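Written below as structure tokens is the structure these notes are about.
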Amino acid sequence: MAIRHPLLPLSWRFDRRVPLRLLVLAIAISAAIVLSVGYGEYPIPAVDVVRALLGLSVDNPDYGFVINTLRLPRVIVAFLVGMGLAIAGAILQGLTRNPLAAPEIVGVEAGAGLAAVSLIVLFPSISLLFLPVAAFGGALIAALLVYSLAWTSGSSPIRLILVGVGVGAIAAALTSLMITFGNIYDVSQALVWLAGSVYGRTWEHIQALLPWLLIFIPLSLLHARELNLLNLGDETARGLGSRVEWQRGFLLIISVALAGASVATAGTIGFVGLMSPHLARQLVGTSHEGLIPTAALVGGLIVVLADLLGRSLFAPIELPCGVVTAAVGAPYFLYLLYRNRNQ
Amino acid sequence: MRGAPRRGAPLTTHLGLLQLHRLSISPVNLRLMNSNLISPEPALLTHKLSLGYGSHSIVGNLNLAIAAGRITALVGPNGCGKSTLLKGLARLLKPWSGTVYLDGVAIAKHSTKDIAKRLGMLPQSPVAPEGLTVRELVAQGRYPHQGWFQQWSREDEQFTEQALAITGITELGDRPLDSLSGGQRQRAWIAMALAQNTDILLLDEPTTFLDLAHQIEILDLLYDLNQTQGRTIVMVLHDLNQACRYADDLVVMRQGQIYTQGSPDVVMTETMVSEVFGIASQIVSDPMTGTPMCVPVSRRSRASISRK
């Protein structure tokens, strides 16, 4: 399907499945958010949640506080982080033409985690706003390391994964080192954060995360077309007039920035960046103009649901949502490995 | 005299030509002054082109003129540098030294997108992502003509549908590429290159991995494109006899150099085959087309001859 302006040279093309699927996903996410905000030790009826979210008057004065201060920021963080990780994964998979690539698999999340933990342990009093910057730096270093070790000499999918896992392991080991030598109070903070949780996230966290998403999500949509080209291989892409190296570098930075900022906000929530693009591909096909927004919403939905499940499964004990996504994502990763092997 | 065979293209011709380009002397004069040039203005020209990978040199100091509006086949034994040369011509490989000229202008002076509007390249056995449909693939060929605000103009749609129709795969448009046969898939890739709508098409072994029927089908398609639309086609071919049948010009390569270049009738000799490919052969006339045909002499045929 195409949108064209009758006179001006404006035109876009999209898969005809995209609008409806996006709408359905948006509705599902809204429902999940309402459900998640209403759920807890102090349950709030869905009608009141919706009224409060829309800014209408609510009978019970406590509702406003519980919703706006305690629960809503947490749920929004879950949604935003899911979007960031999913887009980062979709870009990485497109860039590397590797269905197994994802920020958590190729060491990008571990690099971001190391940088963020170092910051928490070494500079405990530093503002939250610097956490995404540090995480971005760590993620970028990890990505460049993996890139130089694996991608330049052929792009074998398994090689990339192996190098990524190696770099991830090194980063994780250094993170443990930081934790061992750090001040006990800072360390306990870092540990909660490392598990990949949206527990106790506030509007401040959203404030630190949002600028990154507002810059890099639109950029990812602007460059979606380039991913379609890179997907055809370097030679074909170059033949069609793409500045391959430049585009790849730029897309890598977008991906790393989104993954880094997400990890800085909610820790390492695994497998979202891996699963979301695959599920989105099932929904809207391979074209990245539709795939990236779809993957973003799928990722947001996954993390919101994972957080809701983590809170409700063994209540009153709370599982970090990273544990829930890993429980679902790890088998999915194995399945992808198996399928990839058989090709 | 057109396309006289010569060992290596004479350097003077090319140097002279370059200067003429700068002075923008008309094609007519050019033809008069360079009587052994095949066509007035070469579509592609290389000047002392050297190419290689890493520290491994493949093509050295090569001068070559590719005639516009004709079919040129690059042939030679494995590892002779014909695919590398094709990549160099398509600016997929950065030259170590030397220059490629596209329509008389150094290729490095064009933006890569501008080149993509004039020169299409189909790499050897390209791969597409899982689940990509034929129409989506072909539509990618429109990339050099698009911008962010103009992503899918009426023209883009027309050229895409036209390319599907010319290659006879319109009805396969919505099928995923990985569900097609080898011949259909290759036609889809050629359709993508056609949608790009370039005057020059470079193809690296477009018939590899195809059975004989599909090979002929693809080559006939390229021949038709050349005949009806006047596109310049340069392809690497493995099969000498097919090259003789379809190409106006053969460029025979050996060890990174041009051994000879010219029309198949002149170039295809038993000496050439023996010096370039290292086999004894007989050149006979193709019963269908009258073009030269190389019949290799193998141990088995020698034995059967001697028995008689």
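The values are calculated or read from the model by the stated rules, or taken from the named source; none is laboratory data. Owing to the predicted nature of the structure, the values given are computational and were not obtained by experimental measurement. With ideal geometry, Cβ positions are generated from the backbone for all residues, glycine too; neighbour counts draw on all protein chains shown.
Observations
- Considering region B:111-162, the residues that are β-branched (Val, Ile, Thr) and either more than 8 Å from chain A (Cβ to nearest Cβ) or closer than 25 Å to A:Leu283 by Cβ (or both) include one that is surrounded by the fewest Cβ atoms within 10 Å (Cβ to Cβ), namely B:Val127.
- For region A:3-20, a residue qualifies if it is more than 9 Å from chain B (Cβ to nearest Cβ), under 27 Å from A:Leu297 (Cβ atoms) and among the aliphatic types (A, V, I, L, M), and the qualifying residues are A:Val18, A:Leu20.
- Candidates B:Asp199, B:Asp204: the one that is surrounded by 23 or more Cβ atoms within 10 Å (Cβ to Cβ) and either at pLDDT below 90 or acidic (Asp, Glu) (or both) is B:Asp204.
- Residue within region B:172-190 that is out of contact with any strand residue (DSSP E or B) (no Cβ under 6 Å at 6 or more places or on another chain), polar (S, T, N, Q) and under 19 Å from A:Glu235 (Cβ atoms) present: yes
- Of the helices (runs of 4 or more DSSP H) contained entirely in region A:248-343, those carrying at least 3 residues that are at pLDDT 90 or above, within 20 Å of A:Leu213 (Cα to Cα) and out of contact with any Leu (no Cβ under 6 Å at 6 or more places or on another chain) fall at A:272-284, A:288-312.
- Scan of region A:264-283 for residues that are closer than 15 Å to A:Val24 by Cβ and crowded, with 24+ Cβ neighbours inside 10 Å, ordered by number: A:Ala280
- Residue list for region B:97-146, filter: under 27 Å from A:Leu10 (Cβ atoms) and among the β-branched types (Val, Ile, Thr): B:Thr112, B:Ile115, B:Thr133, B:Val134, B:Val138
- The residues of region B:96-110 that are in a helix (DSSP H, G or I) and within 14 Å of another protein chain (Cβ to nearest Cβ), listed by number, are B:Ile107, B:Ala108.
- Applying a threshold of 6 Å to beta carbon distances and a minimum spacing of six or more residues, or different chains, the list of pairs starting in region B:282-299 at a residue that is of a type in the set (Asp, Glu) and ending at one that is at pLDDT 90 or above reads B:Asp286/B:Met293.
- Sole residue being at negative phi, under 17 Å from the mean Cα position of the chain (by Cα) and surrounded by fewer than 19 Cβ atoms within 10 Å (Cβ to Cβ), chosen from A:Leu251, A:Leu219: A:Leu219
- Restricting attention to region B:163-186, the residues that are more than 30 Å from B:Ser111 (Cβ to Cβ), surrounded by 21 or more Cβ atoms within 10 Å (Cβ to Cβ) and under 24 Å from the mean Cα position of the chain (by Cα) add up to 2.
- Here A:Val37 meets each of (1) exposed (fewer than 12 other Cβ atoms within 10 Å of the Cβ); (2) touching a helix residue (DSSP H, G or I) at 6+ places or on another chain (Cβ under 6 Å) with one exception, condition (1).
- Residue ID - nearest to B:Glu205 (Cα to Cα), chosen from residues in region B:102-155 that are among the small types (Gly, Ala, Ser) and touching a residue at least 40 places away in the same chain (Cβ under 8 Å): B:Ser125
- Listed by position, the strands (runs of 3 or more DSSP E) contained in region B:236-289 that have at least 1 residues being within 23 Å of B:Leu45 (Cα to Cα) are B:249-254, B:257-262.
- Of all residues in region B:46-56, none are within 12 Å of chain A (Cβ to nearest Cβ), of a type in the set (A, V, I, L, M, F, W, C) and either closer than 23 Å to B:Pro206 by Cβ or surrounded by 22 or more Cβ atoms within 10 Å (Cβ to Cβ) (or both).
- Residue within region A:148-158 that is of a type in the set (Val, Ile, Thr), assigned to a helix (DSSP H, G or I) and surrounded by 14 or more Cβ atoms within 10 Å (Cβ to Cβ) present: no
- Test for A:Leu114: is it in a helix (DSSP H, G or I), out of contact with any Phe, Trp or Tyr (no Cβ under 7 Å at 6 or more places or on another chain), in contact (Cβ under 8 Å) with a residue 24 or more places away in the chain and farther than 29 Å from A:Glu289 by Cα: yes
Conditions tested, residue by residue: (1) farther than 21 Å from A:Leu251 by Cα; (2) modelled with pLDDT of 90 or more.
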| position | (1), (2) |
| --- | --- |
| A:Ala90 | no, yes |
| A:Arg97 | no, no |
| A:Glu109 | no, no |
| A:Ala143 | no, no |
| A:Val146 | no, no |
| A:Leu149 | no, no |
| A:Gly154 | no, no |
| A:Ile158 | yes, no |
| A:Ala173 | yes, yes |
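- Some residue of region A:65-87 being in contact with a Pro (Cβ under 8 Å, 6 or more places away or on another chain) and at pLDDT 85 or above: yes
- For region A:202-238, residues that are touching a Pro at 6+ places or on another chain (Cβ under 9 Å) and not in a helix (DSSP H, G or I) total 4.
- Within region A:313-343, considering residues that are over 18 Å from A:Val77 (Cα atoms) and polar (S, T, N, Q), the one surrounded by the fewest Cβ atoms within 10 Å (Cβ to Cβ): A:Asn342
- Scanning region A:159-201 for residues being in a helix (DSSP H, G or I), within 21 Å of A:Ile141 (Cβ to Cβ) and not polar (S, T, N, Q) gives a total of 23.
- Pairs linking a residue in region A:197-208 that is closer than 17 Å to A:Val263 by Cβ to a residue that is charged (D, E, K, R), with Cβ atoms under 8 Å and 6 or more positions apart or on different chains, are A:Val198/A:Arg74; A:Val198/A:Asp307; A:Tyr199/A:Arg74; A:Tyr199/A:Glu318; A:Gly200/A:Arg74; A:Arg201/A:Arg74.
- The residue pairs whose first member lies in region A:117-135 and is outside any helix (DSSP H, G or I), whose second member is loosely packed, with under 14 Cβ neighbours inside 10 Å, and whose beta carbons are closer than 6 Å, counting only pairs six or more residues apart or on different chains, are A:Leu128/A:Glu204.
- The numbered conditions (1) charged (D, E, K, R); (2) at the interface with chain A (Cβ under 8 Å from one of its Cβ atoms); (3) in contact (Cβ under 8 Å) with a residue 24 or more places away in the chain are all true for B:Arg175 except (2).
For every residue, the table says whether it meets (1) buried (at least 19 other Cβ atoms within 10 Å of the Cβ); (2) basic (Lys, Arg).
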| residue | (1), (2) |
| --- | --- |
| B:Arg231 | yes, yes |
| B:Gly256 | yes, no |
| B:Gln261 | yes, no |
| B:Val267 | yes, no |
| B:Glu270 | no, no |
| B:Val276 | yes, no |
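- Within region A:214-242, residues that are within 7 Å of chain B (Cβ to nearest Cβ) sit with their Cβ atoms under 7 Å from residues that are in a helix (DSSP H, G or I) and of a type in the set (Lys, Arg), at 6+ positions apart or across chains, in these pairs: A:Gly241/B:Lys113.
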